[in-house]
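Quick one: this structure, given as structure tokens, is what I'll be asking you about.
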Amino acid sequence: MTKSKRTQFELFVKSSHFFRGVIITFSLIIPLLAFNALGYMSLAPSFVFGAFLNSPSDVPGSLRRKVNGTLVSIVLTVLITVLFLFVDHNFLLTLFLIAIVTFIISLFSAYGFRASLAGFSGILAMVLALVVEKNTAFEIWTHGFYIFLGGLWYLFASVTFHKLSPKKDDDQLLSETLKLTGNYLKIRAKLLTSDSERETLVKQTYALQAQINEKHETLRELLLTNRKRSGRSHFDEKRLLIFISLVDIYELVIANSWDYEKFDNLFSDDKKHIEKFSQLNLSLSQQLIHLSQIMITKDDIPDNKKIDQCLQEANNTIADYISIHKLPQAREGALMMRNLYDFQKKILQEVEAIRYALANINERSKVTTKRSETSQFLTLQEYKPRILLQHFTTDSVILRHGLRLTIAMAFAYIIGSIFEIQNAYWIMLTVLVILRPNYGLTKERAKDRIIGTVIGGAIAFGIVILTQNEIVYGVLAVISLILAFALMQQNYRWAAALITLNVVFIYSFITPNAFSVIQYRIIDTIIGGVISFLAIYTLFPSWEALNLKNVLLKAVNKNNSYLKATQELYIDKAINQLSYKLARKEAFLALSELSAALQRITQDPKSKQIEFRLIYNIVTLNQTILSGIASLGGFIQSHKTTPISEETNALFAKITNTLSRTAILLDEEHEFKVQPHGNIREAKEKLLESYQVLSEERDADIKEGNLEIKKADLHELQEAHLVSNQLIWLVSLSSNLRKSITKYEDHFGQTKE
């Protein structure tokens, strides 16, 4: 086994995913062994059902939310199980209840991911209740009672393991976020020098942005909630410091989305200078990916000699560029490279902070975030009825998915009942786990489920031929179950294969004809996959291009709020730091939703990707506007700036008005107060003139032989260059966004009519 494979194996075995697989598996096996030893094996299945049904709610998050989510799941699974057992053998009544229960519970996703998992447990309980034989009321209530106890047992096991290893989820999420951030930097390195694949690389950054923001939200819940409730510990502070550095790196990367066409024009004939910065980015990305592994393996921290060397070479190449092209002609290119160098140096500082935290130094870190402030960064889920009522509209993706899932589950039940298919509930289970709210994910899960089931069936077939040893079956059933739960979120295809293995081995204890189990398992999975695919394509289809309006509106409004917060930060940093950071977080999350929506559009059938080029352009403009705002905010935060000028305020007002008018195109009820800004052309000219004056003063110094520039003068020159260029650019970008969204409304307004 190579070193790389050994590392990957170690990362998997030490991961929280594998840890959770072990918890779930042993919470099922221990009761079986205990009931068998006590002579009450007939009660074991009910108890195990309770543990299994309520495990889906055990996902990363605060302990309080985890406990509450599991308790809701337990009550739901018991009530639904008892209800369906009482109406057993009544086909029409059972069909009616399948439709009602599936539809109502599918709407739970309106209350967030954890609520959707509790709903999944409820529908899973409904399906499993269809195969349980309980004839009297006493038997039914006894079964329900032991499901209740089994659910509490799983909750106890989960909380106990959480207490034994309370930071397992934190470390796993931080590790995954470090790796995603490293991959993000790697793509940004390629963007600097690759002009032929730039659009493909940009699409990849959009996908990574959505994933990174999702991780950030979960980490906020884990780290900030725990800190708020239990106070500080040294290890909590270390993790919080790593998280803050990751957020800062992400902001820096977003803020420095360069005008690559300008780079190409300036350095097209001589890319050797830019390649040095690309190499530095690659070194930083490799360091973050390596640190992501150390977060799990706890190995020694690697040195950063390669990064230091790349940093020095990047710095030297600026002087080389100036010596070749001479000032003042080289000024614009040199300033762009200087800004790029400063950006990468800041990234390195954050990477160093992460290295420092991971080095397990026993000094207390200086995390100064106030508890009263941290709570404002948490996204709290509301559970009011109005949240649900908002989705009772044909435009709601959640309502459409609920209706689609209801029809598909009812149809699967009818098919199984009419044709008396053996283990027909497998069809319903397949529909339940495959059918997702969007086409792309449903198609991918259907393919993975079918291929995984065939792979698992083939492996099981080979093992059954080779041996009929029940001990081997038992050991493999346990191992396959652990691995299946561990891979459920990481590799669904192999998880499906391992679940098939587990089912075959368990049935091998019950029936000697394991081959028929394999056969029916594959057939039922294919039927369920076909039903799911037909449902997502034909029943109330939610093509993403037609569902973009609200996401677009949110992105425009959050960008506008972020711009206003940046302007206020420019006016007074001391007072407006918190409001700026909150607005930044909301803007990043809105961009993440927009990026995720674009990814879903690319997964829809080509015929349904209506006006993809226009939508891609709109997403790119929103991304670029956010980047420009973040660039301004980042510079203002990290530098001592001059008082904001009247011309600067005028351009801020112009951009704000344009974004507000853009929002009106998407929502006629949107209201805003026009901000006066005067003559924008004059404001632009004065800003550019102020930069020109500073440049001429610098040219005069150079002629007099003063080649060294004071730090304060350099910052003032950078401020004048950055502020004038970014604001003028944002005026143009906001205008282009408004034009593009006008085209979008003209087209999609007609399409929906």
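The values are calculated or read from the model by the stated rules, or taken from the named source; none is laboratory data. On a predicted model such as this, the values are computed, not experimentally measured, just so you know. Cβ coordinates were reconstructed from backbone atoms using ideal geometry, including for glycine residues, and neighbour counts include every protein chain displayed.
Which residue pairs have Cβ atoms under 8 Å apart, sit 6 or more places apart or on different chains, and have a first residue in the range 157-173 that is part of a helix (DSSP H, G or I) and a second that is of a type in the set (Asp, Glu)?
If the second residue must be of a type in the set (Asp, Glu), the pairs left are 158/58.
For the range 606-640, how many residues are in a loop (DSSP other than H, G, I, E, B), of a type outside the set (Lys, Arg) and either at pLDDT 90 or above or more than 24 Å from the chain's Cα centre (by Cα) (or both)?
Within the range 606-640, the first condition is being in a loop (DSSP other than H, G, I, E, B), and the residues that meet it are 609-611, 639-640.
With the extra rule that they be of a type outside the set (Lys, Arg), the set shrinks to 609-611, 639.
Narrowing further to those that are either at pLDDT 90 or above or more than 24 Å from the chain's Cα centre (by Cα) (or both): 610-611, 639.
Looking only at that region, the number is 3.
I'd like the residue in the range 577-598 that is among the polar types (S, T, N, Q) and surrounded by 19 or more Cβ atoms within 10 Å (Cβ to Cβ) and, out of all such residues, is nearest to the chain's Cα centre (by Cα).
Result: 592.
In addition: Out of curiosity, is residue 648 more than 28 Å from the chain's Cα centre (by Cα) and crowded, with 21+ Cβ neighbours inside 10 Å?
Details: more than 28 Å from the chain's Cα centre (by Cα): yes; crowded, with 21+ Cβ neighbours inside 10 Å: yes.
In short, yes.
Is it the case that the range 527-540 has a residue that's touching a residue at least 12 places away in the same chain (Cβ under 8 Å), among the hydroxyl-bearing types (Ser, Thr, Tyr) and assigned by TED's automatic domain parsing to the domain that holds residue 457?
yes
On to the next question. On the basis of being more than 25 Å from residue 218 (Cβ to Cβ) and assigned to a helix (DSSP H, G or I), does residue 588 make the cut?
So residue 588 fails the test.
If you don't mind, there's one more thing I want to ask. Here are 108, 96, 84, 91: which of them is closer than 19 Å to residue 141 by Cβ, modelled with pLDDT of 85 or more and either in contact with a Cys (Cβ under 8 Å, 6 or more places away or on another chain) or not assigned by TED's automatic domain parsing to the domain that holds residue 486 (or both)? Before the answer, list the steps.
Values: 108 fails: closer than 19 Å to residue 141 by Cβ; 96 fails: closer than 19 Å to residue 141 by Cβ; 91 fails: closer than 19 Å to residue 141 by Cβ.
Selected residue: 84, the only one of 108, 96, 84, 91 that is closer than 19 Å to residue 141 by Cβ, modelled with pLDDT of 85 or more and either in contact with a Cys (Cβ under 8 Å, 6 or more places away or on another chain) or not assigned by TED's automatic domain parsing to the domain that holds residue 486 (or both).
Read through the list (1) in contact with a Pro (Cβ under 7 Å, 6 or more places away or on another chain); (2) within 23 Å of residue 478 (Cβ to Cβ); (3) touching a residue at least 24 places away in the same chain (Cβ under 8 Å), then give the number of the only condition that residue 55 fails.
With respect to (1) in contact with a Pro (Cβ under 7 Å, 6 or more places away or on another chain); (2) within 23 Å of residue 478 (Cβ to Cβ); (3) touching a residue at least 24 places away in the same chain (Cβ under 8 Å), residue 55 is out only on (1).
Among the residues of the range 10-17, is any buried (at least 21 other Cβ atoms within 10 Å of the Cβ) and β-branched (Val, Ile, Thr)?
No, that holds for no residue.
Only one of these conditions is not met by residue 133: (1) buried (at least 17 other Cβ atoms within 10 Å of the Cβ); (2) among the acidic types (Asp, Glu); (3) without any contact (Cβ under 8 Å) to a residue 60 or more places away in the chain. Which number is it?
(1)
Rundown of residues vs (1) in contact with a Pro (Cβ under 6 Å, 6 or more places away or on another chain); (2) modelled with pLDDT under 90; (3) aliphatic (A, V, I, L, M), yes/no style:
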| site | (1), (2), (3) |
| --- | --- |
| 452 | no, no, no |
| 455 | no, no, yes |
| 466 | no, yes, yes |
| 473 | no, yes, no |
| 484 | no, no, yes |
| 496 | no, no, yes |
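Return yes or no: is residue 104 among the β-branched types (Val, Ile, Thr) and either in a loop (DSSP other than H, G, I, E, B) or within 28 Å of residue 405 (Cα to Cα) (or both)?
On the way: among the β-branched types (Val, Ile, Thr): yes; either in a loop (DSSP other than H, G, I, E, B) or within 28 Å of residue 405 (Cα to Cα) (or both): yes.
Yes.
Condition (residue is modelled with pLDDT of 90 or more, over 16 Å from residue 561 (Cα atoms) and either hydrophobic (A, V, I, L, M, F, W, C) or over 26 Å from the mean Cα position of the chain (by Cα) (or both)) applied to the range 670-681: is it met by at least one residue?
No; the residues of the range 670-681 include none that is modelled with pLDDT of 90 or more, over 16 Å from residue 561 (Cα atoms) and either hydrophobic (A, V, I, L, M, F, W, C) or over 26 Å from the mean Cα position of the chain (by Cα) (or both).
Quick grid of which residues meet (1) closer than 23 Å to residue 48 by Cα; (2) modelled with pLDDT under 90; (3) not in a helix (DSSP H, G or I):
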position	(1), (2), (3)
444	no, no, no
480	yes, no, no
505	yes, yes, no
532	no, no, no
